[in-house]
Amino acid sequence: MYRLIAILIVSGQIRATEISSSFLWGDNDNNFEKVHKHGKEWHSNMMNNIDNYFKKQGYDITTEPQLHHGRADLGVFKKDKKDMYVEVGTTSIYKLCLNLYFMKDFVILIVPKDNKLIEFVK
């Protein structure tokens, strides 16, 4: 599966970018230091944080939108922008590969930590 992602990146079919910053989701009231990392509370808090971040920018947000294979945690949509799908925490490499291979003209954001994301653009 990792080979498929590497082939898609090297062939230019997708672009992958890792972004790290303590201010990824703007100015918000959430204090992630008080929440257990990668627990139910962290996941819920992070989804709310991402939801609020994109709503402030005029995006429409849906919860658990259908992908080619499986569902994402959040769908982020705006006219004249690529559809964006957000996975908070971990996701299956199998699901990621299938969606990167079969879907067209979209962005997948994987948010493994408060201050890091991996963006896949196709």
Residue in the range 7-39 that is surrounded by the most Cβ atoms within 10 Å (Cβ to Cβ), counting only those that are in a helix (DSSP H, G or I) and at pLDDT 85 or above: L8
Filter pass, Y59 being modelled with pLDDT of 95 or more, in contact with a Gly (Cβ under 7 Å, 6 or more places away or on another chain) and surrounded by 13 or more Cβ atoms within 10 Å (Cβ to Cβ): no
Pair list, Cβ under 7 Å, 6 or more apart: the range 1-12 residue closer than 14 Å to L98 by Cβ, other residue loosely packed, with under 14 Cβ neighbours inside 10 Å and at pLDDT below 85: none
Filter result (hydrophobic (A, V, I, L, M, F, W, C) and more than 22 Å from Y59 (Cα to Cα)) within the range 76-122: I93, L96, C97, L98, L100, F102
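Rundown of residues vs (1) farther than 25 Å from S22 by Cα; (2) among the β-branched types (V, I, T); (3) in contact (Cβ under 8 Å) with a residue 12 or more places away in the chain, yes/no style:
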position: V76; (1), (2), (3): no, yes, yes
position: E87; (1), (2), (3): no, no, yes
position: T90; (1), (2), (3): no, yes, yes
position: L96; (1), (2), (3): yes, no, yes
position: L100; (1), (2), (3): yes, no, yes
position: K104; (1), (2), (3): yes, no, yes
position: V111; (1), (2), (3): no, yes, yes
Residues located in the range 76-111, provided they are outside any helix (DSSP H, G or I) and loosely packed, with under 15 Cβ neighbours inside 10 Å: K78, K79, D80, K81, K82, T90, S92, K104, D105
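The values are calculated or read from the model by the stated rules, or taken from the named source; none is laboratory data. What you are looking at is a predicted structure, and each value in this text was computed from that prediction instead of being measured. Cβ atoms come from the backbone with ideal geometry, glycine included; neighbour counts cover every protein chain shown.
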